[in-house]
Amino acid sequence: MLRHNPHTLGQCSYSESMEILENYNILREEAIREGIQVAPRELFYVAADGHDAKNHVFGTGAVARKIPKNTQQQSRRASTSNISDIENNEVVNLRKELLEFKAMVEERDNNIVEELKRLRGHHGFQVYAEDYDYSFYNESNNTQTEIWGDSISIKEFTPEQWTAHQVKSIEKVRKSKVSFQIVDSQGNPLPNATVTVASGRPNFPLGCAINSNILNNNAYQAWFFSRFKYTVFENEMKWYSTEPSQGREDYSVSDAMLQLVQNRGVTLRGHNVFWDDPKLLPYWVPNLTPSQLSAAASDRINSFVKRYAGQVIHWDVVNENLHHHFFEEKLGPGASADYYKLTSVLDGKATPFLNDYNTIEHQEDSYSTPSKYLDKIADLRAHGYNGPLGIGLEAHFGVPDLAYVRSAIDTLASTNLPIWITELDVSPRANQGILLEQILNELVSHPAVQGIVIWSAWKPDGCYKMCLTDNNFKNLPTGDVVDGVLKRMSGQGLGGTTTAGGYFETSLFHGDYQVMVEHPSLETPTVNPLAVTPPIAGAGEETQSVINFKVSLPV
């Protein structure tokens, strides 16, 4: 059993300790996810980042190890109560390995047990480490508190193993096995037939933002509509775009964009009704009195949501209201809940969404941690909104910490609410495409993620953070990454030949396909529709779909 009494650490100020320790929140959030009541305190681990960021592709987690006075010593105690020991830690060159940490922590004074464990193969958090012992610390104002740890284990994962888990998860939650049997007109197996997926449309939503530049740009339209079936308007539905002057509404641009995407069969998210950041509201809104604001907001929501009701699948109702509180400060703590209730009444077909940043991107942002996100959901419920609700994660990444992303989404998934990645991008850097592919694979592989929208609306003077094409609509490396993901999802070109029994087996993303069958005895190939559907919920292990095609041979 590991015993640690953090007397000296408890006497440090928060800012001082944060210079030494990086807050990971894992024990508390995992305990919450498992339904265990915990105190409002957080677990820290010793942190010192010795990585070159451009090569650090598997996250920002790092640890510092204590240097033995005797360099020949191979093991040490795993705890310390001397803060100077921490300050003098050496920053080491760390191996690219992923570690799963499991432990039970008990705070003796309050008889609170926080249990960190993982089910279904998910992992708590990531660090890079050499073969030394490490210390974990709990910051507390109570210097007499004793922390006891038991059943502690660390499991090592290489990047290759992490990727293999992603592939396994995708096979389980996004795809189904399909067994084709090709027979002749008499029902006899037809060996050596060639089976090819000619085209496919997967059910998993992977879309991209657009802006008004698409309206009169045929090249932009050709590039976008050949790839995406889901979108969101970058700015054109926002309040400052549709009512730049009070009382003078102008929906001409958003109407035209809506008509365009509807004509091409593209599904739209509604972004956004309100913004809780006063800097991103129409210039005339922040100085309104509470009564004037209430009236203006009522006009906005009734005009806007009614206009597009039934034509969007989601509404980002009060955008970024974990970080900002303009409406709450002006109109009272139940303002957001009131707008969610009204939106749900005005458009019963669309799901109202929360939408905020840094919940999965940066664990150091204390305003939007997974636990704070859960608190916001509870706050909406406490103020009377009990209708449908979705979790929107903007996902504006620098260097993604894949293990933290997985853990954060696990925590949010405990709500059983739909989770969408709403504004995915990676900031410019030399390996931007590599990082985009890593985070896309992680997000697609997570069973709780129901859709992804990439935040790459094209502008001739550059995109928000990440473009997919140049100004001639030739793919950049990031665009090639997205095309690769779309191609893998579509199954296009996937195929093989049938066995002596006439079988060909593969796995396909859930969706609709056109499958071509060729054989020397056939004058022309046959093309057959195929629907691949998820297994029935509660049916146990995933079942195999068996598709039989009867091919008539020439007389």
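Would you mind stating whether Asn287 is outside any helix (DSSP H, G or I) and either at positive phi or out of contact with any Ser or Thr (no Cβ under 8 Å at 6 or more places or on another chain) (or both)?
Yes: the conditions hold for Asn287.
If you scan segment 225-256, which residues turn out to be under 22 Å from the mean Cα position of the chain (by Cα) and either outside any strand (DSSP E or B) or outside the structural domain of Leu293 (by the TED database) (or both)?
Correct list: Arg227, Phe228, Lys229, Glu234, Asn235.
Mind checking which pairs have a first residue in segment 417-437 that is surrounded by fewer than 22 Cβ atoms within 10 Å (Cβ to Cβ) and of a type in the set (D, E, K, R) and a second that is modelled with pLDDT of 95 or more and outside any loop (DSSP other than H, G, I, E, B), Cβ under 8 Å, 6 or more apart or different chains?
Arg429/Leu435; Glu437/Val481; Glu437/Gly484; Glu437/Val485
Does Thr526 satisfy being outside the structural domain of Tyr404 (by the TED database), more than 27 Å from Asp316 (Cα to Cα), without any contact (Cβ under 8 Å) to a residue 40 or more places away in the chain and hydroxyl-bearing (Ser, Thr, Tyr)?
In short, yes.
Of all residues being of a type in the set (A, V, I, L, M, F, W, C), touching a Lys or Arg at 6+ places or on another chain (Cβ under 8 Å) and outside the structural domain of Gly511 (by the TED database) in segment 152-190, which is surrounded by the fewest Cβ atoms within 10 Å (Cβ to Cβ)? Just the residue, please.
Looking at residues that are of a type in the set (A, V, I, L, M, F, W, C), touching a Lys or Arg at 6+ places or on another chain (Cβ under 8 Å) and outside the structural domain of Gly511 (by the TED database), I get Ile154.
Any residue in segment 513-528 that is touching a Gly at 6+ places or on another chain (Cβ under 9 Å) and under 30 Å from Gln432 (Cβ atoms)? Full working, then the answer.
Residues of segment 513-528 touching a Gly at 6+ places or on another chain (Cβ under 9 Å): 513-516.
If we keep only those that are under 30 Å from Gln432 (Cβ atoms) as well, we get none.
For segment 513-528, residues touching a Gly at 6+ places or on another chain (Cβ under 9 Å) and under 30 Å from Gln432 (Cβ atoms): absent.
Out of Ala193, Ala209, report the one residue that is surrounded by 15 or more Cβ atoms within 10 Å (Cβ to Cβ) and assigned by the TED database to the domain that holds Ser445.
Step by step, each of Ala193, Ala209 is checked, and only Ala209 is surrounded by 15 or more Cβ atoms within 10 Å (Cβ to Cβ) and assigned by the TED database to the domain that holds Ser445.
For segment 349-376, enumerate the residues that are in contact (Cβ under 8 Å) with a residue 12 or more places away in the chain and part of a helix (DSSP H, G or I).
Answer for segment 349-376, where residues must be in contact (Cβ under 8 Å) with a residue 12 or more places away in the chain and part of a helix (DSSP H, G or I): Pro370, Ser371, Lys372, Tyr373, Leu374, Lys376.
Output the residue which, of all residues in segment 263-299 that are closer than 30 Å to Gln221 by Cα and among the charged types (D, E, K, R), is surrounded by the fewest Cβ atoms within 10 Å (Cβ to Cβ). Let's see the steps before the verdict.
Filtering segment 263-299 for residues closer than 30 Å to Gln221 by Cα gives 263-275, 280-282.
Going one step further and asking which of them are among the charged types (D, E, K, R), we end up with 264, 269.
Numbers: Arg264: 13, Arg269: 28.
Only one residue fits best here, namely Arg264.
Got at least one residue in segment 248-262 being farther than 22 Å from Ala531 by Cα, surrounded by 18 or more Cβ atoms within 10 Å (Cβ to Cβ), in contact (Cβ under 8 Å) with a residue 12 or more places away in the chain and among the acidic types (Asp, Glu)?
There is no residue in segment 248-262 that is farther than 22 Å from Ala531 by Cα, surrounded by 18 or more Cβ atoms within 10 Å (Cβ to Cβ), in contact (Cβ under 8 Å) with a residue 12 or more places away in the chain and among the acidic types (Asp, Glu).
May I ask you to list pairs of residues, at least six apart or on different chains, whose Cβ atoms are under 6 Å apart, with the first in segment 271-292 being closer than 29 Å to Ile421 by Cβ and the second being outside any strand (DSSP E or B) and of a type in the set (S, T, N, Q)?
Correct list of pairs: Asp276/Asn321.
Taking the conditions exactly as written (at pLDDT below 95, assigned to a loop (DSSP other than H, G, I, E, B) and either basic (Lys, Arg) or closer than 25 Å to Pro202 by Cα (or both)), does Gly462 satisfy them or not? Let's see the steps before the verdict.
Values: at pLDDT below 95: yes; assigned to a loop (DSSP other than H, G, I, E, B): yes; either basic (Lys, Arg) or closer than 25 Å to Pro202 by Cα (or both): no.
Here the answer is no, as Gly462 does not meet what is asked.
Being buried (at least 21 other Cβ atoms within 10 Å of the Cβ) and within 11 Å of the chain's Cα centre (by Cα) is the requirement here; does Thr369 meet it?
no
Could you grab the pairs with beta carbons closer than 7 Å, sequence gap of 6+ or different chains, first residue in segment 387-400 and surrounded by fewer than 18 Cβ atoms within 10 Å (Cβ to Cβ), second one among the polar types (S, T, N, Q)?
Close Cβ pairs satisfying both conditions: Gly387/Ser344; Pro388/Ser344; Pro388/Thr351; Gly398/Ser427.
Scanning for something under 19 Å from Asp255 (Cβ atoms), in contact (Cβ under 8 Å) with a residue 12 or more places away in the chain and either in the same structural domain as Arg406 (by the TED database) or among the aromatic types (Phe, Trp, Tyr) (or both), does segment 340-348 turn up at least one residue? Working first, answer last.
Step one: list which residues in segment 340-348 are under 19 Å from Asp255 (Cβ atoms), which gives 346-347.
Next cut, in contact (Cβ under 8 Å) with a residue 12 or more places away in the chain only: 346-347.
Narrowing further to those that are either in the same structural domain as Arg406 (by the TED database) or among the aromatic types (Phe, Trp, Tyr) (or both): 346-347.
Looking for residues that are under 19 Å from Asp255 (Cβ atoms), in contact (Cβ under 8 Å) with a residue 12 or more places away in the chain and either in the same structural domain as Arg406 (by the TED database) or among the aromatic types (Phe, Trp, Tyr) (or both), one finds at least one in segment 340-348, hence yes.
What residue, among those in segment 309-329 that are in a helix (DSSP H, G or I) and in contact with a helix residue (DSSP H, G or I) (Cβ under 7 Å, 6 or more places away or on another chain), is surrounded by the most Cβ atoms within 10 Å (Cβ to Cβ)?
Among those residues, the one meeting the criterion is Phe327.
The values are calculated or read from the model by the stated rules, or taken from the named source; none is laboratory data. In this text the structure is predicted, and so the values were computed from the model without any measurement. When we count neighbours, we look across all protein chains shown, and the Cβ atoms used for this are built from the backbone with ideal geometry, even at glycine.
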